[in-house]
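Only one structure is covered here, and it is reproduced in the block below.
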Amino acid sequence: MIRGDGIGPELVDSALTVLDAVADFPIELVDVQAGAGAYRAEGSALSDAGLAVIREADATLKGPVGLPDVRQSDGTEAGLLGGILRNGLDLYANVRPITLLPGVRSALRVDDGIDYVIVRENTEGLYASRGKGVGNDHAMTDTLLVTRAGCERIAHFAFTLASRRSGAPADGVRRVTCVDKANVLRSMYFFRSVFLEVAEQYPDIEAECLYVDAAAQALVLAPEHFDVIVTENLFGDILSDLGGGTVGGIALCPSGNIGDSHAYFEPIHGSAPTIAGQDRANPLGQILATAMLLDHLGERAAGDRIRGAVRAALRGGSVRLNPDGTVASGTRSTTDAVLAALG
Ligand code: IPM
Ligand code: MN
């Protein structure tokens, strides 16, 4: 586990209590220092030794990282650490479920619920240019990379997820929506073309394509239409925060960074250093990320128990959310409410 910066350690502590309550199998936990604190202390956001530990692990639970006063010229160390882990371990699928939980008020008027998953391509796209932009005082260029192999594997991942996931769109039609900008960028036309080639191998799942601007509107006006969305890295970054905003805020949103050999799980929000240590941070994103980690380890029943307990705690009113993403019920009491719902 990476406890991270700001509110990270208190969130990871909270998630570990919940993990301990559901795990009926032994777990060996290893702490790895990473993020802004590690960068300040050791001059590196993640040491080689730390990366080696993560490589050895079955999965990693990661708290948010980053501090405003620790920055590098080519981006924050939070961005840097993302690059080390996501590209270094080839974690090509960033899986971001967007689910409206019971007792949570959506900013939208929704009758049919919100329950879809954004699969964000995590190793290419515009982020391939992370820290590599070229230019001078007058102009800078960053390059968006789309490879056939990268598109194929993320498309296969999205269709496989659509065939297995339990949630469904309101009309009951299993579908994967490719979100791109094929009308303007040749790289995006390529992304769409490869997606449609792969789609032919999944005749039972509807394949559709949407331009990213239209998708942004549809996620607000008709979120119940969506099942699995597959998209380029930067589009996925932006749309997952938009989606989070429609289900009570990103404080409630977990994610998995998944490759063929390694994976780590984290909430999609940041380290909120201004509220660190005040018992105000919402631990539910981190707790739900732990449930995704358990699914990944093949412990689906334990993951389901956590999700069920979070829903019950929200439904029962013992967890109270503030509009700014913090918890009026406090980090520790919110965790206790989830533990109580676990029984
Ligand atoms: C995310 C975050 C990261 C990203 C930041 C911290 C570099 O916003 O995981 O969505 O942009 O990918
Ligand atoms: Mn983001």
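The values are calculated or read from the model by the stated rules, or taken from the named source; none is laboratory data. Every value quoted in this text rests on a predicted model; they were computed, and no experiment measured them. With ideal geometry, Cβ positions are generated from the backbone for all residues, glycine too; neighbour counts draw on all protein chains shown.
Picking from Ile98, Ile84, Ile54, which residue would you name as being outside any loop (DSSP other than H, G, I, E, B) and either closer than 22 Å to Ser166 by Cβ or basic (Lys, Arg) (or both)?
From the options Ile98, Ile84, Ile54, the qualifying one is Ile98.
Could you grab me the full set of residues in the stretch 256-293 that are away from ligand 1 (no atom under 16 Å from the Cβ) and of a type in the set (S, T, N, Q)?
Of everything in the stretch 256-293, those that are away from ligand 1 (no atom under 16 Å from the Cβ) and of a type in the set (S, T, N, Q) turn out to be Ser261, Thr274, Gln278, Asn282, Thr290.
Could you please let me know if Arg311 is modelled with pLDDT of 95 or more, surrounded by fewer than 20 Cβ atoms within 10 Å (Cβ to Cβ), in contact with a Pro (Cβ under 9 Å, 6 or more places away or on another chain) and of a type outside the set (A, V, I, L, M)?
So Arg311 fits the description; yes.
From the list Arg40, Arg109, Arg105, exactly one residue is more than 16 Å from the chain's Cα centre (by Cα) and over 30 Å from Ala162 (Cβ atoms). Which is it?
Step by step, each of Arg40, Arg109, Arg105 is checked, and only Arg40 is more than 16 Å from the chain's Cα centre (by Cα) and over 30 Å from Ala162 (Cβ atoms).
On the basis of being within 15 Å of ligand 1 (Cβ to nearest atom), under 30 Å from Ala328 (Cβ atoms) and touching an Asp or Glu at 6+ places or on another chain (Cβ under 6 Å), does Val95 make the cut?
Judged against the criteria, Val95 is not a match.
In the stretch 108-128, how many residues are farther than 14 Å from Glu152 by Cα and assigned to a loop (DSSP other than H, G, I, E, B)?
So the count comes out to 7.
What residue, among those in the stretch 183-192 that are of a type outside the set (Lys, Arg) and farther than 15 Å from Glu121 by Cβ, is surrounded by the most Cβ atoms within 10 Å (Cβ to Cβ)?
Among those that are of a type outside the set (Lys, Arg) and farther than 15 Å from Glu121 by Cβ, it is Tyr189.
Do we have any residue at all in the stretch 260-267 that's under 29 Å from Asn87 (Cα atoms) and surrounded by fewer than 19 Cβ atoms within 10 Å (Cβ to Cβ)?
Looking through the stretch 260-267, at least one residue is under 29 Å from Asn87 (Cα atoms) and surrounded by fewer than 19 Cβ atoms within 10 Å (Cβ to Cβ).
Go through the stretch 39-55 and give me each residue that's more than 16 Å from Asn87 (Cα to Cα) and not small (Gly, Ala, Ser).
Matches in the stretch 39-55: Tyr39, Arg40, Glu42, Val53.
Within the stretch 213-249, how many residues are surrounded by 17 or more Cβ atoms within 10 Å (Cβ to Cβ), charged (D, E, K, R) and within 15 Å of ligand 2 (Cβ to nearest atom)?
The total comes to 2.
Return the residues of the stretch 53-100 that are touching a strand residue (DSSP E or B) at 6+ places or on another chain (Cβ under 9 Å), of a type in the set (Ser, Thr, Tyr) and at pLDDT below 95; say none if nothing qualifies.
none
Could you please give the count of residues in the stretch 50-69 that are small (Gly, Ala, Ser), touching a Leu at 6+ places or on another chain (Cβ under 9 Å) and away from ligand 1 (no atom under 16 Å from the Cβ)?
Of the residues in the stretch 50-69, 1 are small (Gly, Ala, Ser), touching a Leu at 6+ places or on another chain (Cβ under 9 Å) and away from ligand 1 (no atom under 16 Å from the Cβ).
Select the helices (runs of 4 or more DSSP H) contained entirely in the stretch 144-246, then report the ones holding at least 2 residues which are closer than 28 Å to Glu266 by Cβ and within 17 Å of the chain's Cα centre (by Cα).
148-164, 233-246
So that you can scan it fast, the table gives a plain yes or no per residue for (1) within 16 Å of ligand 2 (Cβ to nearest atom); (2) in contact (Cβ under 8 Å) with a residue 12 or more places away in the chain:
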site: Leu11; (1), (2): no, yes
site: Leu19; (1), (2): no, yes
site: Pro26; (1), (2): no, no
site: Ala41; (1), (2): no, no
site: Ala49; (1), (2): no, no
site: Gly63; (1), (2): yes, yes
site: Gly83; (1), (2): yes, yes
site: Pro97; (1), (2): yes, yes
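Conditions tested, residue by residue: (1) buried (at least 19 other Cβ atoms within 10 Å of the Cβ); (2) of a type in the set (D, E, K, R); (3) farther than 30 Å from Leu284 by Cα.
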{"residue": "Arg120", "(1), (2), (3)": "yes, yes, no"}
{"residue": "Met140", "(1), (2), (3)": "no, no, yes"}
{"residue": "Ala158", "(1), (2), (3)": "yes, no, no"}
{"residue": "Tyr202", "(1), (2), (3)": "no, no, yes"}
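Within the stretch 254-261, can one find any residue that is within 15 Å of the chain's Cα centre (by Cα), under 30 Å from Cys209 (Cα atoms), more than 15 Å from ligand 2 (Cβ to nearest atom) and part of a loop (DSSP other than H, G, I, E, B)?
The answer is yes; a qualifying residue exists.
In the set Ala281, Ala309, which member is touching a helix residue (DSSP H, G or I) at 6+ places or on another chain (Cβ under 6 Å), touching a residue at least 40 places away in the same chain (Cβ under 8 Å) and not in a helix (DSSP H, G or I)?
Ala281
Is one or more of the residues making up the stretch 274-282 within 15 Å of ligand 2 (Cβ to nearest atom) and out of contact with any His (no Cβ under 8 Å at 6 or more places or on another chain)?
Scanning the stretch 274-282, I find no residue that is within 15 Å of ligand 2 (Cβ to nearest atom) and out of contact with any His (no Cβ under 8 Å at 6 or more places or on another chain), so the answer is no.
Being buried (at least 16 other Cβ atoms within 10 Å of the Cβ) and among the aliphatic types (A, V, I, L, M) is the filter here, so list the residues in the stretch 169-182 that pass it.
Scanning the stretch 169-182 gives Ala170, Val176, Val179, Ala182.
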